[in-house]
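Peer 1: Have a look at this one.
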Amino acid sequence: MDISIRRIGAGDESAFEEIKNLLLELYPNNPPLSANIFEGLLDDEGVDIFVAELEKRVVGTASLAWYQKLGGKVFIIEDVVVSKGLRGSGIGHKLTEALLSRAKELSAEFVDVFTRREDAKKFYIKCGFHSKDEIRPFFALRYMLK
């Protein structure tokens, strides 16, 4: 299988429909991605969006987001999804490797990923991620505004 991974940017709006459909697989209860948000993210200097392509068709996507805080830069992997029929074929791993490579280019010291799904947790551990609890005690809280 000849999969190519590339970072997309402004001018790559043609990938929008395929990425929107992939995200509906990942987030079936969320509203579909809008073209305005997509175009804004392509221009955002704190987000890189990658796609996996097979025969010029987008079959996977993932993004790396980062922001500066007082204690340093934080890098986060978001929205990793591969077409249902191609899951388990190594595409997600290739996307994750591309995100980690990009994070190194940007001088990241670490990259975080968050998931509630057990299959995704196993996937990220296979990719070399470790529980934050193994590194330092970690407790996450959330305050709901709605």
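Peer 1: Within the set of other residues whose C-beta is less than 15 Å from the C-beta of residue 81, count the net charge using Lys and Arg as +1 and Asp and Glu as -1.
Peer 2: Once positives and negatives cancel, what remains is 0.
Peer 1: To continue, here is another question. Using the Cβ atoms and a cut-off under 13 Å, what net charge is assigned to the surroundings of residue 104, where Lys and Arg are +1 and Asp and Glu are -1?
Peer 2: My count for the surroundings of residue 104 gives -2.
Peer 1: Please compute one quarter of the surface area of the Cα convex hull for segment 1-86 and express it in square nanometres.
Peer 2: 6.4 nm²
Peer 1: I'd like the distance between the alpha-carbon centres of segment 21-43 and segment 86-131, rounded to an integer number of Å.
Peer 2: Using only Cα atoms, the two centres lie 20 Å from each other.
Peer 1: How charged is the neighbourhood of residue 123? Take every other residue with its Cβ under 12 Å from the Cβ of residue 123, and add Lys/Arg as +1 and Asp/Glu as -1.
Peer 2: +3
Peer 1: While we're on this one: Give the lysines whose C-alpha is closer than 26 Å to that of residue 84, dropping any in the same chain fewer than 8 places away, or say none.
Peer 2: Of all the lysines, those that pass the test against residue 84 - Cα under 26 Å, at least 8 places apart if same chain - are 20, 56, 94, 121, 122, 126.
Peer 1: Something else: Out of residues 5 or more away from residue 59 or on other chains, whose amide H comes under 5 Å of its own, with H placed 1.01 Å from N in the peptide plane?
Peer 2: 52, 53, 54
Peer 1: Here is a further query. So what is the relative contact order for the chain, in percent, with contacts set as C-alpha pairs under 8 Å and at least six apart?
Peer 2: 20 percent
Peer 1: Which order results if 37, 19 are arranged by neighbouring Cβ count within 10 Å, fewest first?
Peer 2: 37, 19
Peer 1: Suppose every Lys and Arg Cβ carries +1 and every Asp and Glu Cβ carries -1, with no other charges. What dipole size does segment 1-112 come out with about its Cα centre, to the nearest 20 debye?
Peer 2: In debye, rounded to 20, segment 1-112 gives about 320.
Peer 1: Connecting C-alpha atoms closer than 10 Å in a GNM of the chain, tell me which of 98, 62, 35 has the biggest fluctuation.
Peer 2: For the chain, modelled as a Gaussian network with Cα springs under 10 Å, the answer is 35.
Peer 1: Here are several values of mean projected area of the Cα convex hull in nm²: (1) 10.1; (2) 10.9; (3) 7.3. Which one was derived from the coordinates shown?
Peer 2: After the calculation, the listed value that fits is (1).
Peer 1: In what order do 112, 2 fall by count of nearby beta-carbon atoms within 10 Å, going from fewest to most?
Peer 2: 2, 112
No value in this document is a laboratory result; all are computed from the given coordinates. Note that the structure is predicted; figures quoted are calculated from it, not measured. FYI the Cβ positions are ideal-geometry reconstructions off the backbone, even for glycines, and counts take in every protein chain you see.
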